[in-house]
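These notes concern the structure reproduced below.
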Amino acid sequence: MDAALRTSTKLISKGQHVSAVERLVTWRDTLAEQEAASGAEMFMGLPDKWYEPPTFACENGHISKRYLKSETSGDVCLACGKRVYLVPRITEEELAKVLAK
Ligand SMILES: [Zn+2]
């Protein structure tokens, strides 16, 4: 878990305002931890199967198989330019529920 993810977990446990990106990362990390606990093969902290093929999601609810590699912002959404995260296969409707919690 990197520093940004630790920060988001801390914010949530304190009951402070939780942004959409924090909900997205927390949801993703919780599923990844469950996969690891059940013995799934992992790569870079995420289940191997999430990479085959990879699905990327951003805080604005966009899902894509592709993203833009930006020199300044890292991996960003093709639709809105926000950072993307590797997530399990999910529909935009399911992702909207994750982001709306
Ligand atoms: Zn987006």
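The values are calculated or read from the model by the stated rules, or taken from the named source; none is laboratory data. Keep in mind that this is a model prediction, so the values were computed, not measured. All Cβ positions, even for glycine, are placed from backbone atoms using ideal geometry, and neighbour counts span all protein chains on display.
Observations on the structure shown:
- You will find that of V25, V18, the residue that is part of a helix (DSSP H, G or I) and either surrounded by 12 or more Cβ atoms within 10 Å (Cβ to Cβ) or at pLDDT 95 or above (or both) is V25 and no other.
- Listed conditions (1) of a type outside the set (S, T, Y); (2) free of Cβ contacts under 8 Å to residues at least 24 places away in the same chain; (3) within 13 Å of the ligand (Cβ to nearest atom) are all met by Q34, apart from (3).
- For D48: the one exception among (1) within 16 Å of the ligand (Cβ to nearest atom); (2) in contact with an Asp or Glu (Cβ under 8 Å, 6 or more places away or on another chain); (3) charged (D, E, K, R): (1)
- Residues in segment 70-91 that are at pLDDT below 95 and not in a loop (DSSP other than H, G, I, E, B): S70, G74.
- Matching residues, segment 47-69, being assigned to a loop (DSSP other than H, G, I, E, B) and surrounded by 13 or more Cβ atoms within 10 Å (Cβ to Cβ): E59, N60, G61, H62, Y67
- Restricting attention to segment 91-101, the residues being surrounded by fewer than 17 Cβ atoms within 10 Å (Cβ to Cβ) and within 14 Å of the ligand (Cβ to nearest atom) number 2.
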